[in-house]
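Undergrad: Take this structure first; my questions come after.
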Amino acid sequence: MVGSDSLNTSLSPSPPPVEQKRPPKQWGVTRPLSLAGPSDADIQRNRELEKFLVDSGLYESAEEAAKREEVLGRLKQIVKNWVKELTRLRGYTDQMVEDANAVIFTFGSYRLGVHGPGADIDTLCVGPNYVRREEDFFYVLHNILAEMEEVTELQPVPDAHVPVMKFKFDGISIDLLYASISLLVVPDDLDISNNSVLYKTDEPTARSLNGCRVADQILKLVPNVENFRTTLRCLKFWAKRRGVYSNVTGFLGGVNWALLVARLCQFYPKANPSMLVSRFFRVYTLWRWPNPVMLCEIEDDELGFSVWDPRKYPWDRNHLMPIITPAYPCMNSSYNVSASTLRVMMEQFEFGKKICEDIELNKLQWSALFEPYLFFESYKNYLQVDINAADLDDLRAWRGWVESRLRQLTLMIERDTSGKLQCHPYPHDYVDSSKQCAHCAFFMGLQRKQGEVIQEGQQFDIRQTVDEFRHQIHSYLYWKPGMDIYVSHVRRKQIPSYVFPEGYRRSRHTRLMSQHQVDKMSSEGGEACRPGSAERVLKRKKELDASDLKEGRRPQKSHSVSPQRQVSVSPELICSRSAGTLKDCCSTASYTMEEKTAVEGSCLFMDGMTQQEAPLTPGDACTRSNEVGLQLVDRDKELNIDFIKPNQGMHCSENTDAGCVSSTCNSHCASSGGNLGINVEGPSLDRSCVSNTQLLSNKGRENDASVLGDGLREKLEPNAALTMVLKSGDGVGSEPVQKNVMSSRLSLTSTA
């Protein structure tokens with residue numbers, strides 16, 4: 001019987017296994033914020049976005065793609081022949097000469113698949129251990145390339161943080177790096193992602209290898225490569241249009257933007273590009289810098305390279321916007337960011353967030369997001385850095401050196417003024433075609449830090465700062481006669497005409513606020529939250545109309561603000577409407593408590609500690625929009641006053657050939673800028689605005705509380721660096737609201 005019972009038991013059917021729900025795959029160091037896919041509206045917006053990118057010419061043609069492949073093939077053959085020749089000259093056996101090899105890898109935008117027409121190709125040459133960078137790469141290979149007809153604009157930069165050789169090969173721009181690894185023969189199928197390639201390499205070699213290793217890791221760590229590529233292509237285009245795409249001047253470069261977008265894709269693994277673009281600005285306006293952005297855990301290895309760790313290395317604690325590379329050795333890719341450039345980028349993120357909110361409400365098209373930033377209309381004072389050289393080849397090398405040091409000028413000005421004078425370096429150079437010499441110029445916007453109380457008559461004396469900067473510049477190892485630099489102060493009315501796209505300064509009437517900004521302020525209560533603001537808008541409109549009539553122009557209807565629309569709506573009603581709009585935006589998507597936990601964990605400090613933040617109220621949102629609208633209108637009014645006589649006070653470079661003859665330019669600039677006192681009038685707010693700014697810095701960014709769709713509130717207190725940025729207020733280079741504020745002064749001598 002016992003055996004029979006056992007047999008029956010063994011033959012009886014077993015209960016079906018209970019299906020266990022698998023947790024969603026975790027991309028990155030935290031769980032996803034949302035697993036929601038696109039709605040029908042998101043799919044339609046994505047079609048419109050992709051069409052806009054195609055129409056904007058961001059994709060290269062098939063012919064150019066084929067030419068790039070051809071150039072890379074020829075470059076591979078050149079470096080192979082170069083290594084074989086070096087092997088033969090150094091007495092190695094015939095078999096060694098035959099086996100000698102060098103391998104070309106690509107990285108950057110080309111490797112990630114987001115390059116556009118005319119973009120350069122970032123390449124890395126990996127060679128054997130007996131082929132050295134200094135004497136072989138920068139001398140022998142340089143001479144080989146210099147003798148080739150297809151190679152033009154050859155520029156070696158051996159002393160860069162990552163040594164590089166720049167040139168054009170048959171019209172295609174190439175940035176070529178070199179890494180010598182501990183192998184006698186480099187195989188064609190070398191796995192560069194393996195940490196063994198770093199064995200017995202120095203720091204510059206590790207940095208050179210890091211570009212390729214990071215690109216490969218990024219593509220492995222994103223849930224959807226195509227969505228990542230489209231989003232990154234879009235945001236790189238946006239960053240260039242808004243003037244925040246440049247690692248060398250203290251903003252973000254290609255790898256930085258790629259890492260930010262990749263982390264966003266991990267947060268929203270099923271979102272399409274239109275959703276990701278919108279959420280990019282929402283997430284990173286909330287991000288509490290200097291909490292690091294990481295795609296994976298920081299890996300430490302026994303090879304001995306230092307990795308980013310602020311607990312261990314004090315200098316890592318000074319990084320304001322750490323964006324960590326995912327490949328060993330993990331580094332901060334954005335160490336160049338300064339307090340001034342972080343402030344500018346955060347303001348541009350705010351701009352992007354507000355535009356995307358209107359796009360989602362079908363109030364604006366995608367083109368509004370990519371409106372170019374009007375740098376030369378955003379400040380009252382600028383530093384102009386003129387660069388001269390004997391010929392174009394010298395200028396190319398000299399310009400690259402000066403541009404790489406402009407970040408130091410920003411840091412020195414911040415240091416010597418205790419952060420009270422803020423700088424905005426613009427990452428573009430301008431050429432005066434009327435000059436007969438090799439010349440270009442960079443510009444930096446200057447403003448007093450918002451909310452900074454400065455006594456009347458107080459000066460920012462940065463003459464010694466500029467002299468120290470010029471001394472550093474002239475320490476260039478490859479300096480040649482004719483290489484000169486001049487730093488001078490120019491007011492907005494004195495900006496040379498060659499910096500404008502049309503070659504001349506546009507009339508003030510064509511530079512009024514765009515229609516979508518006016519409509520947004522009038523309908524959403526941008527300024528109307530404050531009692532009496534409607535009358536100020538009407539007064540401004542009448543002043544503009546009066547100035548137009550004096551000049552014989554009829555005001556354009558498209559730029560007007562409807563008086564009936566402004567007066568008939570009370571501030572209280574508009575405030576409530578703004579709160580309602582905020583609520584509508586928050587209800588467009590649903591999110592879970594798990595997402596909220598993930599957000600709180602995504603900004604962890606290195607020691608795992610978080611800080612609490614007070615919750616936000618709908619009233620804060622109204623206060624914020626009120627403050628922004630007031631600054632927009634009053635800043636624009638101030639610009640009107642300054643641009644009534646656009647031809648007044650031209651810069652010395654327009655009235656003399658100083659840029660062509662160094663001695664003449666030296667004496668002329670010295671005489672014009674010797675003991676010049678410069679008013680640096682930063683944005684000034686009345687007491688209510690200052691209190692609002694302080695409230696925002698304590699409570700966080702009001703509308704950002706709805707960043708994830710349903711009013712999720714970040715529970716992280718802003719760190720000290722970001723608190724300073726928040727207190728600086730909205731709008732890069734906002735002009736004063738009141739004219740009777742105390743102004744600071746800047747004394748600058750630009751003698752060479």
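Undergrad: Please list the non-local residues whose amide H lies under 5 Å from the amide H of Asp461, H modeled 1.01 Å from N, same-chain partners needing a gap of 5 or more.
TA: Ser747
Undergrad: Test of understanding: extend the Cα→C-beta vector of Leu374 to 7 Å, then name every residue of segment 234-275 with backbone N under 16 Å from that spot.
TA: From segment 234-275, the list is 242-243.
Undergrad: For segment 62-214, would you read off the P(r) tail past 21 Å as a percentage of all alpha carbon pairs? Let's see the in-between values first.
TA: On the way: 4955 of 11628 pairs.
When every Cα pair of segment 62-214 is considered, 43 percent fall beyond 21 Å.
Undergrad: Nearest 20 debye, what's the magnitude of the dipole of segment 236-368 about its Cα centre given +1 on Lys and Arg Cβ and -1 on Asp and Glu Cβ?
TA: Numbers: 16 positive and 12 negative charges, 133 e Å.
It comes to approximately 640 debye.
Undergrad: Which distance in nm do the two modelled labels at Asn194 and Ser404 give, with both placed 7 Å along the Cα-to-Cβ direction?
TA: 3.3
Undergrad: Still on this model: List, in order, the whole-Hz ³J(HN,Hα) value for each residue of segment 120-130 obtained from phi through the Karplus relation with A = 6.51, B = -1.76, C = 1.60 and θ = phi - 60°; use x for Gly and Pro.
TA: Result, rounded to whole Hz: 7, 10, 7, 10, 10, 9, 9, x, x, 5, 8.
Undergrad: Considering the options Ala160, Met148, Leu89, tell which one lies farthest towards the positive end of the dipole of segment 62-214, charges being +1 on Lys and Arg and -1 on Asp and Glu at the Cβ, about the Cα centre.
TA: Ala160
Undergrad: Express in nm, to one decimal, how much length is gained between Ser39 and Glu150 on full extension, taking 0.36 nm for each residue of separation and deducting their alpha carbon distance. All intermediate terms of the calculation are to be shown ahead of the outcome.
TA: Numbers: separation 111, 0.36 × 111 = 39.96 nm, distance 5.06 nm.
So the extension gain works out to 34.9 nm.
Undergrad: Additional query: Rounded, prolate or oblate: which fits segment 376-503, taking a ≥ b ≥ c as square roots of the Cα gyration tensor eigenvalues, rounded meaning a/c under 1.5, else prolate when a/b beats b/c?
TA: On the way: a/c = 2.51, a/b = 1.44, b/c = 1.75.
The shape class here is oblate.
Undergrad: How long are the three semi-axes of the equivalent ellipsoid for segment 26-79, computed from the Cα gyration tensor as the root of 5 times each eigenvalue, in whole Å, largest first?
TA: Output for segment 26-79: semi-axes of 37, 22, 7 Å.
Undergrad: With a/c under 1.5 counting as rounded, go ahead and sort segment 230-329 into rounded, prolate or oblate using the C-alpha gyration tensor (a ≥ b ≥ c being the square roots of the eigenvalues; past the cut-off, prolate if a/b is larger than b/c, else oblate).
TA: On the way: a/c = 2.03, a/b = 1.58, b/c = 1.28.
Taking the square roots of the gyration eigenvalues as a ≥ b ≥ c, segment 230-329 is prolate.
Undergrad: May I ask you to sort Met346, Met412 by Cβ crowding, counting other Cβ atoms within 10 Å and putting the fewest first? Write out the running numbers ahead of the final one.
TA: Working: Met346 23, Met412 18.
Going from least to most buried by this count: Met412, Met346.
Undergrad: Using a Förster radius of 60 Å, what is the FRET efficiency between Lys67 and Ser418 based on their Cβ-Cβ separation? Nearest 0.05, please. It would help to have the intermediate numbers written out before the result.
TA: Numbers: r = 52 Å, r/R0 = 0.87.
Efficiency, from the Cβ-Cβ distance: 0.70.
Undergrad: Then there's this: If amide H atoms are built 1.01 Å from N in the plane of the peptide, which residues on other chains or at least 5 residues away come under 5 Å of the amide H of Ile121?
TA: Ser173, Ile174, Asp175
Undergrad: Would you be so kind as to identify which of Cys265, Ser193, Asn210 lies farthest towards the positive end of the dipole of segment 159-267, taking Lys and Arg as +1 and Asp and Glu as -1 on Cβ and the Cα centre as origin?
TA: Final value for the positive-end residue is Cys265.
Undergrad: Which pairs break 26 Å Cα to Cα here: Lys312/Lys353; Lys67/Lys480; Lys51/Lys363? Don't jump to the answer; show the numbers that get you there.
TA: Values: Lys312/Lys353 36 Å; Lys67/Lys480 36 Å; Lys51/Lys363 18 Å.
Cα-Cα > 26 Å for Lys312/Lys353; Lys67/Lys480; rest within.
Undergrad: Using modelled backbone amide H atoms (1.01 Å from N, in-plane), which distant-in-sequence or interchain residues come within less than 5 Å of Val164's amide H?
TA: The answer is Val157.
Undergrad: A further question on this structure: Quick one: Cα centre-to-centre distance for segment 348-366 and segment 106-133, in angstrom?
TA: Computed from Cα coordinates, the inter-centre distance equals 35 Å.
Undergrad: Continuing with this model, one more query. If you put +1 on each Lys and Arg Cβ and -1 on each Asp and Glu Cβ, how big is the dipole of segment 62-214 around its Cα centre, in Debye rounded to 20? Write out the running numbers ahead of the final one.
TA: Details: 16 positive and 25 negative charges, 70 e Å.
Dipole of segment 62-214, to the nearest 20 debye: 340 debye.
Undergrad: Around Tyr92, under 12 Å between beta carbons, what's the net of Lys plus Arg minus Asp minus Glu among the other residues?
TA: Numbers: positive: Lys84, Arg88, Arg90; negative: Glu85, Asp94, Glu98, Asp99.
Residues near Tyr92 contribute -1 overall.
Just so you know, all these numbers are worked out from the coordinates, no wet-lab data involved. Since the structure is predicted, the reported quantities are computational estimates derived from the model, not experimental observations. Because the Cβ atoms are built from the backbone with ideal geometry, glycine has one as well, and the counts that use them run over all protein chains shown.
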